[in-house]
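Any read-out appearing in this document is the output of simple, stated calculations on the displayed coordinates, not a laboratory observation. Computed from a predicted structure; not experimentally measured. Backbone-built Cβ (ideal geometry, glycine too); neighbour counts: all protein chains shown.
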Amino acid sequence: MLKRSCFLLLFSVFLTSCSTQKIPSLPIEKSAESLPNFVIIFTDDLGYGDLSCFGNPTIKTPHLDRMAEEGQKWTQFYVADPVCTPSRAGLLTGRYPIRNGMSSSKRAVLFPDSAGGLPSEEVTIAEVLKQKNYATAAIGKWHLGHLPQHLPRTQGFDSYLGIPYSNDMDLINEPYVSYHNKAQKNPDYLANTNNYNVPLLQNETEIERPCNQNTYTRRITEKSVDFIKAHKDQPFFLYFAHNQPHIPLFAHADFIGSSKRGLYGDVLHELDWSVGQILQTLRDLQLDKNTIVVFSSDNGPWLSFQTHGGSAGPLRAGKGTTFEGGQRVPTIIWGPGQVIPGVVHEIGSTLDLMKTFATLSGTEIPKDRKMDSYDLSPLLLGHSTASPRTKFYYWTRGALHAVRSGKWKLHVLQREPIDYWKEDLLLDHPELYNLEADISEKYDQFEANPDKVAELQALLKAHELDVADRLPDNLEKRIVVDE
Ligand code: MG
């Protein structure tokens, strides 16, 4: 351990000198002792305006605020899709989910009767890091297939513990759509954890059903801390995906009533506590100087659940839509001694974590398929102030809705208000927004900028062609029940 600490110190001094002098990074042959650890903390349905450090006035998130102070706060960071399953597929594979059959016009996400999942031939971040023998764990929500052949251990993770899909599924004595309709009128409807017969899995085995969601966040936090402690002497990757603050909301009794924002704020206070536990464990073990921690959300807030949904702050709309509120998420990247602190207004995406982690670990991303992942490490280490990502394509439900290039965003399809059961809205003409001058996408610039409209339409057309070679739909497959 002492040897590793000395090496880390030298390594961080080297990186600091690089960043100060703006010397381009050189390829470094990393030994096992110098390999950085990676932690992704992924929340569910957290909005852009829900953290103190992103402007929320009544939810207190001191641990995340400190993380942002010590690390980088990214203000224009996107998820690959505005709903759970495809967003996670994009993060873990570095590919738009339309490429691997994880974005579907038939079904938005996977359900307990789904037979499909992330195809085994897809390569995840965990599998990439296995090139250097990383210890890997997925803890929390998976939602990339709950059958054994799709669970995390088939995708490069050594172990799994968590609820394999959304925490509002497996309702007892209540159809899913009926529950949603009632809960949108009364967010407290079915407030007991026993109404949701969701399983808690350890690897592929059910160990608790229904999972007690009142204590779940605390328990998966403790398991994450245990994983870090157990692997302190070897490089590790922890994918820690919370099921909260997705409805139904549950928090430990210690946090109930702690917030002026009601139960949603209480849940956020517990998630903030959880982040604090992870970061403090890294500090205590002196791993903080050699660990990159990414905090983000899988999509925007589920606004139709009133006070039980979050806030997108100044952004338009929320979960399920390709407006900024659906896909721009509050993101912090932390790594004291490596990640240069600051606020980054460049464009980034969860799609980019694959390439970024590969660069930092000296591993290779797949070369036998089209990738959508850019290396953000020069920005993290202070070698560059410009993101290699200048464009972003907005997909949902198997359809390409919009494109962003620089400050301009062109919508050709929309989905608003946020309602899973409504169809996409076909526009009379494309809508063009200047996201620098109009973060809320209020003022259509279509008439005034025909050249920009044409340029972005050409990008959309080229991108449609680029993804034409794709895997079949993996979300619509259902488990066949013999009559
Ligand atoms: Mg979600």
| Is the range 373-483 best put as rounded, prolate or oblate by its Cα gyration tensor, with a ≥ b ≥ c the root eigenvalues, rounded for a/c under 1.5, and otherwise prolate when a/b is larger than b/c, oblate when not? | oblate
| task | Obtain the nm distance between the two label points defined at residue 343 and residue 105 by a simple spin-label model: each point lies 7 Å from its Cα along the Cα-to-C-beta direction. | result | 4.2 nm
| request: May I ask for the distance between the Cα centers of the range 294-354 and the range 255-290, given as a whole number of Å? | output: 18 Å
| task | Hydropathy first: keep DSSP H helices in the chain averaging at least -0.5 on Kyte-Doolittle, then drop any whose Cα extent along the axis falls short of 20 Å, and list what survives. | result | 2-21, 263-284, 450-466
| In the structure displayed, which of 60/182; 182/422; 132/223 lie more than 19 Å apart, Cα to Cα? | 60/182; 132/223
| Out of residues 5 or more away from residue 331 or on other chains, whose amide H comes under 5 Å of its own, with H placed 1.01 Å from N in the peptide plane? | 74
| query | How about residue 289: which aspartates and glutamates have a C-alpha closer than 12 Å to its C-alpha, ignoring those fewer than 8 places off in the same chain? | reply | 70
| field | Helix-derived mean residue ellipticity, 222 nm - over the chain, DSSP H n ≥ 4, -39500 (n - 2.57), to 500 | value | -8000 deg cm²/dmol
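Starting with the fewest neighbours, write out 294, 177, 467 ranked by other beta-carbon atoms found within 10 Å of each beta-carbon. Write down the numbers at each step before the final one.
Numbers: 294 25, 177 10, 467 17.
Lowest count first: 177, 467, 294.
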| field | Cα-based reach from residue 461 at 18 Å (exclusive), listing lysines while leaving out same-chain residues under 8 positions away | value | 370, 391, 409, 452
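Within the chain, which is the longest segment containing none of the chymotrypsin sites (Phe, Trp or Tyr not before Pro) that sit in a DSSP loop and have at most 14 other Cβ atoms within 10 Å?
On the way: sites that count: 421, 443.
With chymotrypsin sites (Phe, Trp or Tyr not before Pro) excluded where exposed in loops, the chain gives 1-420 as its longest stretch.
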| note | Computed over the chain, the relative contact order (Cα-Cα under 8 Å, seq sep at least six) in percent reads 26 percent
